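Just below is one structure, and these are the notes that go with it.
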Amino acid sequence: MLPSATLYAIAGVALFGLGFYALVAYPHLLRKIMGMNIMGTGVFMSFVAIAYRGPEQTADPVPHALVITGIVVAVCATGLALALATQISTRTGITQLTPDEEK
Amino acid sequence: MILLGLDLLLVIVLLISAWFALTTADLLHGVVIFIAFGLLVALAWVRLQAPDVAMAEAAVGSGLTGALLLSSLSAMRRAQARAEASKKEGDVG
Amino acid sequence: MMLIYQLAALFLMLNIVAGMARVLRGPTTADRLLAVQLFGTTGTAILILFSLQTGNKAFQDLALIFALLAGILGVTFTRYGQAWYKQGATDPESTKVAAKEK
Amino acid sequence: MNWNDIATTLLIIAGSFFFLAGTVGLLRLPDVFTRLHALTKADNLGLGLIALGAAFQIDNLMQLVKLGLIWGLVMFASATIAHLIGRSALEQGQQPWEKAS
C-alpha cells in the first residue's frame, strides 16, 4: 500500500476511536452527536484511503460514491438527532444524560 | 517526499483538532474547533484524489453541520437557562 | 515548477499548524473564529496551488466553495454564538461521567 | 523556465510571505482588534497575490474569471466578517488594547 494512503487509513481508525470515546464518556447530548460525526468521518477516511491508487492514476470511483452518499445521510441523521435533542431540552430542561445511580 | 511531509502535518492537525473539539470544556469553543476540523478533512480528501467527496464534505459536512450544531446549542442553552430560572422561582414561591 | 508549488503548499500547511495554537488557546470565541477564518483562506490558497500542481481544474471549484463557506460561517457565528457568550465560561454539564463518580 | 513561470514563482513567494505575516500576527498580537488587522492582510493580499500568480498559468479565459471570483468572494467575506466580529467583540465589552505607558 502507498505510504500516504496508509497514513490516512490509520488516521481514520484513530478518528473512529476518538469519536467512540467521546460518545461513551461524555454525558452532554450535543457532544455525543459531535462524537458520532467524527466516528463517521473516520470510517469515510479509511474508505477513501483504500480507494486511492497513487498520484498518477485516478482513484476507484465506487468507494467515492458510497462516501458521498454516506456524508449526506450522516448530515440528515445529525439533523434528526439535533432536532430530538432540542425538543428534549425545551420540554424538560435537561441537556445531558444522567448516570443511572443518580436517579 | 514534500507531499508526504504535508500529509503527516495534516494528519497530526486533524487528530489534534478532533481531540480538542470533543474534550474542550466550553461547547461553543468545541463547535468552532469542529468546523475547523471539517475544513481540514476537506483538504485531506483533496490529498486523496477525491475532489468530489471534498466538495460534499466542505459544503454539507462542515458548513451545514456547523450551523445546525450552533443553532441547536443556542436553543439548548436557552432552554436550560429557562428551566433553571423557573426552578429558582418555584423554590422562592 | 512542481517543486515550488509543493514547497509553497507545505509552507502554508505549516502556517495552519501554527494557527492551530490560537484556535486551541485563544481566550475569547472571537479569537478562535478569526483563526478558523484564516484556516479557510489558507486552505483556499493551498487548493489553488494543488490545482496548479496536478492540473486538475476541479480543485478551483472547490476553492470557490471554501471562499463561499467562510462568509456563511462567520455570519452564523455572530448570529448564534453571540447571545450566549461568556468569557472563559466552562459548562458545568461538560464534566465527564468518570469525574462525577468520585 | 519562461517569463510566466518566473512571475508565478515571485508572486507565490510574495503571497506566502503575507500568509506568514498573518499567522505571526494572529499569534503575537495582544487582542481581538489587532488580530483582526493581521487577518485581513492575509485574506486580501496573500490570497490575492497567489491567485494572481496562478493567473499566469491559465489556458483559457474562464479560469481567469474563476480566480477573480475566488479572490472577490474572499475579500467580500473577510470585510463583512471583520466588521461583524469587531462589533460583537465591542458589544461584549472587550476593551481595545492600549500600550502601557
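The values are calculated or read from the model by the stated rules, or taken from the named source; none is laboratory data. Keep in mind that what you see is a predicted model, and the values were worked out from it rather than measured. When we count neighbours, we look across all protein chains shown, and the Cβ atoms used for this are built from the backbone with ideal geometry, even at glycine. With ligands, DNA and RNA removed, areas are computed over all heavy atoms of the protein, side chains included. Shrake-Rupley method; radii C 1.70, N 1.55, O 1.52, S 1.80 Å.
Output the residues belonging to segment B:7-26 that are more than 9 Å from chain A (Cβ to nearest Cβ), farther than 15 Å from B:LEU39 by Cβ and of a type outside the set (Val, Ile, Thr).
B:ALA25, B:ASP26
Given the criteria facing another protein chain (nearest Cβ under 8 Å) and either within 18 Å of the chain's Cα centre (by Cα) or not basic (Lys, Arg) (or both), does A:PRO55 qualify? Please lay out each step first, then the result.
Details: facing another protein chain (nearest Cβ under 8 Å): yes; either within 18 Å of the chain's Cα centre (by Cα) or not basic (Lys, Arg) (or both): yes.
For A:PRO55, the condition - facing another protein chain (nearest Cβ under 8 Å) and either within 18 Å of the chain's Cα centre (by Cα) or not basic (Lys, Arg) (or both) - is met.
Go through (1) open to solvent by 30 Å² or more (accessible area, probe 1.4 Å); (2) in contact (Cβ under 8 Å) with a residue 24 or more places away in the chain; (3) more than 15 Å from C:GLY40 (Cβ to Cβ); (4) not acidic (Asp, Glu) and name the single condition D:ASN44 misses.
(3)
Considering only residues that are over 17 Å from C:TYR80 (Cα atoms), assigned to a helix (DSSP H, G or I) and open to solvent by 10 Å² or more (accessible area, probe 1.4 Å), which ones fall in segment B:19-37?
Within segment B:19-37, B:TRP19, B:PHE20, B:THR23 meet the criteria.
Which condition does C:LEU49 not pass, out of (1) free of Cβ contacts under 8 Å to residues at least 12 places away in the same chain; (2) buried (at least 24 other Cβ atoms within 10 Å of the Cβ), if it passes all the others?
(1)
Return only the number of the condition from (1) open to solvent by less than 80 Å² (accessible area, probe 1.4 Å); (2) in contact (Cβ under 8 Å) with a residue 24 or more places away in the chain; (3) part of a helix (DSSP H, G or I) that D:LYS66 does not satisfy.
Here D:LYS66 meets the rest and fails (2).
Taking the criterion of being more than 22 Å from C:ASN56 (Cα to Cα), more than 7 Å from chain B (Cβ to nearest Cβ) and free of Cβ contacts under 8 Å to residues at least 60 places away in the same chain, would at least one residue in segment A:92-99 satisfy it?
As a first pass, look at segment A:92-99 and keep what is more than 22 Å from C:ASN56 (Cα to Cα): A:92-99.
Now drop any that are not more than 7 Å from chain B (Cβ to nearest Cβ), which leaves A:92, A:94, A:96-99.
Still in the list and also free of Cβ contacts under 8 Å to residues at least 60 places away in the same chain: A:92, A:94.
Yes, that holds for at least one residue.
When only residues in segment C:1-43 that are of a type in the set (Ser, Thr, Tyr) and within 10 Å of chain B (Cβ to nearest Cβ) count, which is surrounded by the fewest Cβ atoms within 10 Å (Cβ to Cβ)? Break it down into steps so the answer makes sense when it comes.
Just the residues of segment C:1-43 that are of a type in the set (Ser, Thr, Tyr), to begin with: C:5, C:28-29, C:41-42.
From the residues that got through so far, the ones that are within 10 Å of chain B (Cβ to nearest Cβ) too are C:5, C:28-29, C:42.
On the way: C:TYR5: 23, C:THR28: 18, C:THR29: 27, C:THR42: 25.
Going through the qualifying residues, I end up with C:THR28.
Only one of A:TYR26, A:TYR21 is open to solvent by 50 Å² or more (accessible area, probe 1.4 Å) and either more than 7 Å from every other protein chain (Cβ to nearest Cβ) or farther than 23 Å from B:ARG47 by Cα (or both). Can you tell me which?
Numbers: A:TYR26 fails: open to solvent by 50 Å² or more (accessible area, probe 1.4 Å).
On inspection, the qualifying residue turns out to be A:TYR21.
Which numbered condition trips up D:GLY53, out of (1) in contact with a Phe, Trp or Tyr (Cβ under 9 Å, 6 or more places away or on another chain); (2) open to solvent by less than 10 Å² (accessible area, probe 1.4 Å)?
(1)
Check off (1) more than 7 Å from every other protein chain (Cβ to nearest Cβ); (2) farther than 19 Å from D:HIS37 by Cβ; (3) touching a residue at least 12 places away in the same chain (Cβ under 8 Å); (4) open to solvent by 30 Å² or more (accessible area, probe 1.4 Å) for C:THR54 and give me the number that stays unchecked.
(3)
Might you let me know whether segment D:31-48 holds any residue that is more than 15 Å from the chain's Cα centre (by Cα) and in a helix (DSSP H, G or I)? Can you show your working first?
Residues of segment D:31-48 that are more than 15 Å from the chain's Cα centre (by Cα), as a first pass: D:31-33.
Filter once more, so that each one left must be in a helix (DSSP H, G or I): D:32-33.
Yes, there is a match, as at least one residue in segment D:31-48 is more than 15 Å from the chain's Cα centre (by Cα) and in a helix (DSSP H, G or I).
In segment B:22-40, which residues are closer than 28 Å to C:ILE48 by Cα and in contact with a Gly (Cβ under 7 Å, 6 or more places away or on another chain)?
Looking only at segment B:22-40, we keep the residues that are closer than 28 Å to C:ILE48 by Cα, and these are B:31-40.
If the condition is that a residue be closer than 28 Å to C:ILE48 by Cα and in contact with a Gly (Cβ under 7 Å, 6 or more places away or on another chain), then B:VAL31, B:PHE34, B:ILE35, B:GLY38, B:LEU39 are the ones that fit.
Looking only at segment A:68-103, count how many residues are at pLDDT 90 or above, out of contact with any helix residue (DSSP H, G or I) (no Cβ under 9 Å at 6 or more places or on another chain) and farther than 27 Å from B:ALA50 by Cβ.
1
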